[in-house]
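Engineer: I have a structure here, written as structure tokens, and I will follow up with some questions on it.
Please treat every number below as a calculation from the coordinates, not as lab data. It should be emphasised that the depicted structure is a prediction, and the values quoted were computed from it without experimental measurement. Here Cβ is always computed from backbone atoms with ideal geometry, including for glycine, and neighbour counts include all displayed protein chains.
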Amino acid sequence: MSFYEQVYAIVRCIPEGEVTHYGAIARMLDNPRAARAVGYALRALPDTPAYADVPWQRVIHYNGEVRAGATLQSRSRQAKLLRGEGVRVSRDYRVEMEKFQWDGLLPHEVPAVLRRAAHRL
């Protein structure tokens, strides 16, 4: 299973109304220096029905900043999706990480999530 598919499998686990950051996803995949690669994976997310269930909007910068893409339009879209889930996003595109951050998967939970995802492919 590719790194990108592993990222998508972990992101699918983020509950509605919660967020995490790129580095947390990388650490869950036992690759703590791959935060940027997590961002690349989400930017490359296929726009197909098979990937429609990947809640990419729930992954933000570690400091709580909504940074989807490089445009204000993409940030606005991500903020709108998060607000629709009950996540409070400020006018300057920030989320209170202390309040909305997902605790993530425990190390022993990750292999089972990845195995289930591999069967989807």
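Engineer: Once the Cβ-Cβ distance between Asp53 and Asp103 is put in as r, and R0 is 25 Å, what FRET efficiency do you end up with, to the nearest 0.05?
Structural biologist: Once the sixth-power term is evaluated, E becomes 0.75.
Engineer: Additional query: What nm value, rounded to one decimal, do you get for the distance between Asn31 and Met1 when each label is placed 7 Å out toward the C-beta?
Structural biologist: So the two model labels end up 1.3 nm from each other.
Engineer: Same structure again: Return the calculated 222 nm mean residue ellipticity for the chain, to the nearest 500 deg cm²/dmol, obtained by summing -39500 (n - 2.57) across DSSP H runs with n ≥ 4 and dividing by the residue count.
Structural biologist: Here the helix-only value at 222 nm equals -12500 deg cm²/dmol.
Engineer: Toward the positive end of the charge dipole of the chain, about the Cα centre and with charges on Cβ (Lys, Arg +1; Asp, Glu -1), which of Ala35, Ser90, Ser74 goes farthest?
Structural biologist: Ser74
Engineer: Now for a different question. About the Cα centre of the chain, what is the dipole size in debye to 20, counting +1 per Lys and Arg Cβ and -1 per Asp and Glu Cβ, all else neutral?
Structural biologist: 300
Engineer: As a test of understanding, state the convex hull volume per residue of the range 3-120 from its alpha carbons, in Å³.
Structural biologist: Working: hull volume 11.6 nm³, N = 118.
Dividing the Cα hull volume of the range 3-120 by its residues yields 98 Å³.
Engineer: Between Arg115 and Ala44, take the C-beta separation as r, use R0 = 30 Å, and let me know the FRET efficiency to the nearest 0.05.
Structural biologist: With a Förster radius of 30 Å, E is 0.85.
Engineer: Helix 110-120 versus the longest principal axis of the chain: what is the Cα-based angle in degrees, 0 to 90, to the nearest 10?
Structural biologist: 80
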